[in-house]
Amino acid sequence: MSATQTAQLMDGTGLAKRILEEAAAKAAEISQRTGTVPCLATVLVGDDPASVTYVRMKRARCAKAGIQSRHIALPATTTTAELIDTLAGLSGDPEVHGILLQHPCGPHIDERAAFEAIAPEKDVDGVTMYSFAAMSFGLPGFVSCTPGGIQRLLEAYGVDLVGKHAVVVGRSAILGKPVGMLLLAKDATVTYCHSRTADLPAIVREADVVVAAVGRPRLIHGEDIKPGAVVIDAGYNPGNVGDVDFDTALTRARLITPVPGGVGPMTIAVLLAQTVDAAVNQLGPQH
Ligand code: NAP
């Protein structure tokens, strides 16, 4: 700890490990009770090296947690219609409990149409419109994994969001937008910022909670963090750099996620936890 550090680090690695252990225990229980091992289908279009690595990591974690995975590698030339056929087939396959379509799929694919071919009960990555709506209405369903991971981090560190001003920087469908909805559900007052926001620093300075979800190294300056704020940095940029200027933010925040080891590990943990939950829902809960 440096002499000027005031913030406590939010340990995503440790929390993710605990979530994965719980998921593994649940997977073992349901496998033993029903004779069926929870199964995640991973679908990859093309061979983008980063996507190949992500899928490999997710499958390795599945294996460690006692979750089966079935990988479907489709050629880069796959059409949207062919991808939809594959996803619809998996949606109807009783041996598959969760479906992950690794994205981006390539510019020629209509990703929204593809996502919508995933049955809501198998949408363990929380990418369908059904899942987004269910989350927004506070109804049962699967959340987008990174927002779900952020929510669990905030809960684990006892962050009370009631009446707090939460500023979400970024508004993507898988990250910024759903994070804001989850914070709103916890009674925070939420401001969304994006590429057209005027005077981002002034808004960040007012934030009790900042969620950075952009993908621009050190976009959020440490000096703009309100003393005592909670800082969640979901950004991941080359060189293990987040969207927040970590060194300065560390001296002002109360709680902060490191990059790496903060939000990152939580995403896979939530994916696997939701896969096991999907299997439990489909195979029947314990009596
Ligand atoms: P994205 O789809 O590219 O969205 C980026 C968002 O940032 C957009 O809403 C964009 O605004 C906004 N933005 C761009 N420049 C801005 C600026 N100068 N000021 C304010 N807002 C700006 O990215 P994403 O998929 O949400 O991912 C965001 C970051 O999170 C990336 O670093 C990604 O690697 C990381 N990520 C991490 C995980 C994980 O597991 N840890 C998972 C997913 C993503 P507009 O809407 O106006 O374009």
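Just so you know, all these numbers are worked out from the coordinates, no wet-lab data involved. Source: prediction; values computed, not measured. Cβ atoms come from the backbone with ideal geometry, glycine included; neighbour counts cover every protein chain shown.
Remarks
- Phi angles across the stretch 117-126 convert, under the Karplus curve 6.51 cos²θ - 1.76 cosθ + 1.60 with θ = phi - 60°, into 3J(HN,Hα) values of 7, 8, 4, x, 6, 10, 7, 6, 9, x Hz, Gly and Pro given as x.
- Under a 5 Å amide H cut-off, with hydrogens placed 1.01 Å from N, Met10 pairs with Ile256, Thr257 among residues at least 5 apart or on other chains.
- Using a Förster distance of 25 Å, the FRET efficiency for Glu29-Glu155 (Cβ separation, nearest 0.05): 0.60
- Between helix 264-283 and the chain there is an angle of about 40 degrees, using the helix long axis and the longest principal axis of the Cα atoms.
- Two-site label geometry, Asp110 and Lys17: point separation in nm, points 7 Å out along Cα→Cβ: 4.6 nm
- Taking the number of Cβ atoms within 10 Å of each Cβ as an exposure proxy, the fewest-first ranking of Ser69, Ser144 is Ser69, Ser144.
- Principal-axis tilt of helix 176-185 within the chain, Cα atoms, nearest 10 degrees: 80 degrees
- Beta-bridge orientation, the chain: approximately 5 percent antiparallel, per DSSP, counting only bridges with both partners inside.
- Shape call, the chain: gyration tensor on alpha carbons, a/c limit 1.5: prolate
- Prolate/oblate/rounded label for the stretch 218-268 (Cα gyration tensor, a/c 1.5): oblate
- Dmax and Rg, reported as Rg then Dmax, of the stretch 156-283 (C-alpha, Å): 15.0, 51
- Net charge of neighbours whose Cβ lies under 10 Å from the Cβ of His97, counting Lys and Arg as +1 and Asp and Glu as -1: -3
- Potential lengthening between Ala81 and Ala50 on full extension [0.36 nm per residue; Cα-Cα distance subtracted]: 8.7 nm
- Cβ-based exposure ranking for Asp199, Asp247, Asp48, in which fewest neighbours within 10 Å come first: Asp199, Asp247, Asp48
- Tensor-based shape of the stretch 16-77 (alpha-carbon gyration tensor, a/c under 1.5 rounded, otherwise prolate or oblate): oblate
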